[in-house]
Amino acid sequence: MAPDVRTKNDATDQESSRPEARPELSRQISGLDALELGGETRRNPAARAWSAVWPMASAVAIALLAWQVVVWSGWKPSYVLPGPADTLPELGRQVTTGSFWGAVGLTMQRAVLGFAVSVLVGTVVGALVTQSSVLRRAVGSLITGLQTMPSIAWFPLAILLFQLSEQAILFVVVLGAAPSIANGLIAGVDYTPPILLRAGKVMGLRGLNLYRHLVLPASLPSFVAGLKQGWAFAWRSLMAGELLVVISSHTSLGVLLSQAREFSQTDAMISYMIVILVIGIVMDRLFGLVDDAIRTRWGLAGD
Amino acid sequence: MTQAVQAAASRTVPSGAAVRLDGVSKAFGPLLALDDVSLTVGPGEFVCLLGASGCGKSTLLNLVAALDRPSAGTIDTAGRRVALMFQEPALFPWLTVTANIELALKARGVPRAERRGRAAELLALVHLAGFERKRPHQLSGGMRQRVALARALALTIDAEPAGKDRAGTLLLMDEPFGALDAMTRDLLHDEIERIWRERNLSVLFVTHNVREAVRLGDRVVLLSSRPGRVVEEFPVPLDRPRRIDSPEVAALAGTITDRLREEVGRHGA
């Protein structure tokens, strides 16, 4: 008796999973979708902010402690190496003065201008190289060579060409940053997944449309990585430049730094170094945010 | 002109082919990938192409999709829209689901105002209404493959509004369910069968899964490997809908598997 009933049930199950039974198929498919997507969990923003802040805060605390320990050890007299207790108040005093912000403003202005020109040059060069195999053979390695060349080595030539001027600094900043940006773009275009290119071709994307809708968006992560590295090189070149190319009445962070050294104001000197470091970190975080946004959008984020 | 005549003929005369390959060969340098392949897919027919590794299945689809040219022979799709779907979804990760489909519609020349609506229609067709704003990585493998199917179908839509008959559409599928788990694959078999009927598509479906071929195909074409040649064609006289685990499917799959193994064995030591 019982087996008969079961056979009957099986038969109806079979019936219902057939394509004709549209509502049934819809239900099964959406059921499977729901199971596969699983529950999305979202942590609360406070917990997320805390998890981002505490490692950084700890690292800063450990660095300050290490610095203080060195000072306590009496390795150098305090006028050569002041401790955090002397330096941080000096830093606090500096950031309340107008002349300090004027110097930071000038330095940032140079950095932004230099970076903007680098982006322009790097993108144009990178785009040209991806388009021509001859050009790639000609300058492909040169770009990487330039990237590894310490930018300070350019300054003697830059000073001969442009004297002690804004142009000399700009010249070296662009030479430092543009190769990284060009390489980022080149790598992005080179590593466009072939399967996506195939899909694009099936769609009928050709020429400019292929670039606009496929190759450029696909190279975005690599391009942003290039921008980030380019910024780092621009910032380093700029600091070297500001120490070497001192233009009278143009007070920049670099000028403040070398003045502090000349007047043996070590606490001020270290304050400026901290400022330079902090600006570097802030900019890196900005690029990091853009990078994270892209990774989240693309589903590359680890979390 | 000839194309138009042929296309018109194919809609009225059942024997007109959706695609006809005649003595097609393809060589990559010294390597012969396809050798004298002749094959026809009738309008509204579901043909499964079956073969072991190295039978040039993907090469064949590339040729039909006009991504590559044959070294010899002719391929006649009579001006049909050809859409191709891969084993990987190959969706653009930076676009939302709907934007992926809208881009295909744009490439097809569908006016901007119509794209959103057409994309929604296609997503509803593959049971993905409500997922328009998601990005590909937020979906499961099976869902992504359905988006890829919707995108492939988007390429078969005519730019001109309304009234065009879709018998002219040829859908090429390159092991589309190969990377999916059995449960999902099973449901997608039902899905593709339904869509094939609803849209009156002609399908050339490449697989190395014999049961899948018998489950779906009106006809199973067996290819040899290195070079790819048509070894034998098996009509599938089973009524639809079929189940992949039914004894009838298993029996025919067994026969074809024996033939396939024989073919593979020829390459042994």
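Listed values, structure above:
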item	result
Residues satisfying the stated conditions in the range B:81-99, i.e. at pLDDT 90 or above, out of contact with any helix residue (DSSP H, G or I) (no Cβ under 6 Å at 6 or more places or on another chain) and not in a loop (DSSP other than H, G, I, E, B)	B:A99
Test: residue in the range A:147-156 that is touching a Lys or Arg at 6+ places or on another chain (Cβ under 8 Å), exposed (fewer than 15 other Cβ atoms within 10 Å of the Cβ) and of a type in the set (G, A, S)	no
Residue check, B:A65 of a type outside the set (V, I, T) and over 29 Å from A:P221 (Cα atoms)	yes
Some residue of the range B:217-236 being crowded, with 18+ Cβ neighbours inside 10 Å and within 12 Å of chain A (Cβ to nearest Cβ)	no
Condition broken by B:G268, with the remaining ones in (1) touching a Leu at 6+ places or on another chain (Cβ under 6 Å); (2) in a loop (DSSP other than H, G, I, E, B); (3) more than 14 Å from chain A (Cβ to nearest Cβ) satisfied	(1)
Helices (runs of 4 or more DSSP H) (entirely within the range A:170-262) containing at least 2 residues that are buried (at least 24 other Cβ atoms within 10 Å of the Cβ)	A:194-203, A:216-244, A:253-262
Answer from B:G142, B:G130 - the residue that is at pLDDT below 90, outside any strand (DSSP E or B) and within 21 Å of B:M173 (Cβ to Cβ)	B:G142
B:A83 within 9 Å of chain A (Cβ to nearest Cβ) and surrounded by 21 or more Cβ atoms within 10 Å (Cβ to Cβ)	yes
Residue satisfying condition, being more than 26 Å from the chain's Cα centre (by Cα) and either at pLDDT below 80 or more than 9 Å from every other protein chain (Cβ to nearest Cβ) (or both), within set A:A11, A:A47, A:A52	A:A11
Evaluation of A:M273 against (1) in a helix (DSSP H, G or I); (2) more than 25 Å from A:W154 (Cβ to Cβ); (3) among the aliphatic types (A, V, I, L, M) (one fails), failing number	(2)
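The values are calculated or read from the model by the stated rules, or taken from the named source; none is laboratory data. Quantities reported herein were computed from a predicted structural model and do not represent experimental measurements. Note that we place each Cβ from the backbone using ideal geometry, even for glycine, and neighbour counts take in every protein chain shown.
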